[in-house]
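Dropping a structure here in structure tokens format, bear with me for questions.
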Amino acid sequence: MVQLVGSLRKELADSLSTCKVLVVGAGGIGCELLKNLVLTGFKNIEVIDLDTIDVSNLNRQFLFQKKHVGKSKAQVAKESALQFCPTANITAYHDSIMNPDYNVEFFRKFMLVMNALDNRAARNHVNRMCLAADIPLIESGTAGYLGQVTVIKKGLTECYECQPKPTQKTFPGCTIRNTPSEPIHCIVWAKYLFNQLFGEEDADQEVSPDTADPEAAWKPEEAAARATASEKDGDIKRVSTKDWARSTGYDPVKLFNKTHLTQTSLFKDDIMYLLTMDKLWKKRKAPTPLDWQQLENREESPGSGLKDQQVLGVWGYCQLFQHSVETLRTQLQEKGDGAELVWDKDDPPAMDFVTAAANLRMHIFSMNMKSRFDVKSMAGNIIPAIATTNAVIAGLIVLEGLKILSGEVESCRTIFLNKCPNLRKKLLVPCVLDPPSANCYVCASKPEVTVKLNVHKTMVLSLQDRILKERFGMVAPDVQIEDGKGTILISSEEGETEANNSKFLADFGIRNGSRLQVDDFLQDYTLLVNVLHTEELERDVEFEVVGEAPDKAPPPQSNQEDVNSITNGNKDSAQPSTSSKGQHVEKESCFLSFVSVVAFPLILKLREYNLRIKIYLMAL
């Protein structure tokens, strides 16, 4: 007869009490996961998170309270979880998992690693560390009502990087500055504007009309002359956006409208200037400038519904713009001369500013305006996190973990949580795990890639930062040229090869067909890079990875608008799973749906509430 400890077999319960597991991330999923782990019987847990608690976290990260704002998420999560199980041994790290201190040997001390991350770089890194340490990894993520859990085991399943992930969508500067056609273009412009006015100025985030727009096909000096011809075309002389704003004392109305012939404005004169680029508007609807005085005190009907989901009128967004600028101006003054503000989607004045500025620009370019909720979703590159989704996904992580600790890795599944039931009326869709990809540049036996670039224009620093670190996710790469001499091109040791940074690859004899051996000793990872020289890259494209498959479509969803990368609150992050079999529904889906959505969370909630009552009575 099988012995049970609670709802678990005795052997499994004993394993839970002795095994050591690592939780990476203590946010939306991480909080639910940590609570589930201690209630299930895990006794030795380590949790790491670099973030601190913000008031915006409190609506879904239930291990945190208002008194914890500003404190380490990992540390507070540990303290709160111990209230559920005081006998648990939990170690918290307020640190980045990409810190070199957390090397392969660190990972090898765990029987299981569980990711609850919200960015691709960290996911890539943990994936590689678990492969190097040969430790099972459970990857997860949520996006609104969507969620996903998968298991990664070296040699048995696809790794996180086996399939290409969609890159973050970027937009040409001339589209942002001159011819926005989608709300996201206006939102990006508004974020740039925030930095130009209140933050660190970046030449790549200019918001004034782009006189070098290749589509305009007119001479900039001619348009400048036309722009100064009359009040109708806008008398404009270009100055620094921040200098101009300071000269107005950050007066909202002056920022909105022109007040002097040597100054510009955001929603009137800049638009008039764009209208002088008449070739831009031959096949597009021309923008319509706004004037504060003409809009002032316009009567508008109040919006209905929740405040964040209301779409205001033009004058409503004018008032929101005014109020946010005044608040941000005060914050800037309190910080002193030379101070800068950092845009944060969870900072109400900053979010109000971007919401107002973006919507005013949408109106100018004849687009439907968006609610603050919608703008925040796009401006923060996030899909708003929902507590119930996090709870379901955290429960599924534990269920997959129990399979692994029972020695049943083959029975693990990739599980998709859908927003609406599929054709079989199931919200949870389990899929068989895919085997490793033979072409994966991470988990293949001999990882190798071919990169197309111009060796005469690509600098060593670009190779290091843009290609090896940003594109291939390395942390501290060392690069050796396979030229028979073993020439060291890049060293991870500080100062050893800095003199090479400003030189071109061709300066080191690198040409078409050259091979570079790249090692990241922290990740215990080696990659062979074949160089393919070309002079025919598209404009603004520094390099291309040859043979890279197109972005992989996610499993079918009931609503195509919801098919996005599945992330823990970060739309830019990659999908946690690489499975391509989202449409294959297993026989166990009905049972799994009941266990994951009803039985497992219900059992944990009952135990949780019972424990809370005990804690409350003890405090009386």
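Can you give me the ranges of the helices (runs of 4 or more DSSP H) entirely in segment 178-267 with at least 3 residues that are at pLDDT 75 or above?
183-198, 252-256
Turning to a different aspect of this structure: Can you tell me which of Val38, Val47, Val21 is touching a residue at least 24 places away in the same chain (Cβ under 8 Å) and assigned to a helix (DSSP H, G or I)?
Every option except Val38 fails the conditions.
Additional query: Restricting to segment 410-468, what's the tally of residues that are assigned to a helix (DSSP H, G or I) and of a type in the set (A, V, I, L, M)?
Qualifying residue count, segment 410-468: 5.
Is it the case that some residue within segment 59-77 is open to solvent by 40 Å² or more (accessible area, probe 1.4 Å) and modelled with pLDDT of 95 or more?
yes
So for segment 491-500 (the condition being surrounded by 14 or more Cβ atoms within 10 Å (Cβ to Cβ), among the aliphatic types (A, V, I, L, M) and either in the same structural domain as Leu516 (by TED's automatic domain parsing) or part of a loop (DSSP other than H, G, I, E, B) (or both)), does at least one residue qualify?
no
Looking at segment 461-474, I want the residues that are closer than 14 Å to Arg123 by Cβ and have a partner that is at pLDDT 90 or above and open to solvent by 10 Å² or more (accessible area, probe 1.4 Å) with Cβ atoms under 6 Å, at least 6 apart or on another chain. Which pairs are those?
Listed by first residue and then by second, the contacts come to Gly473/Asn124.
Still on this structure, please answer the following. Has segment 409-417 got any residue that is of a type in the set (A, V, I, L, M), open to solvent by 30 Å² or more (accessible area, probe 1.4 Å) and under 25 Å from the mean Cα position of the chain (by Cα)?
No, that holds for no residue.
Any idea which of (1) over 25 Å from Gln163 (Cβ atoms); (2) open to solvent by less than 10 Å² (accessible area, probe 1.4 Å) is the one Leu453 doesn't satisfy?
It is condition (1) that Leu453 fails.
The values are calculated or read from the model by the stated rules, or taken from the named source; none is laboratory data. None of the values given here were measured: they were computed from a predicted structure. All Cβ positions, even for glycine, are placed from backbone atoms using ideal geometry, and neighbour counts span all protein chains on display. SASA here: full protein model, heavy atoms, side chains in, ligands and nucleic acids out. Shrake-Rupley method; radii C 1.70, N 1.55, O 1.52, S 1.80 Å.
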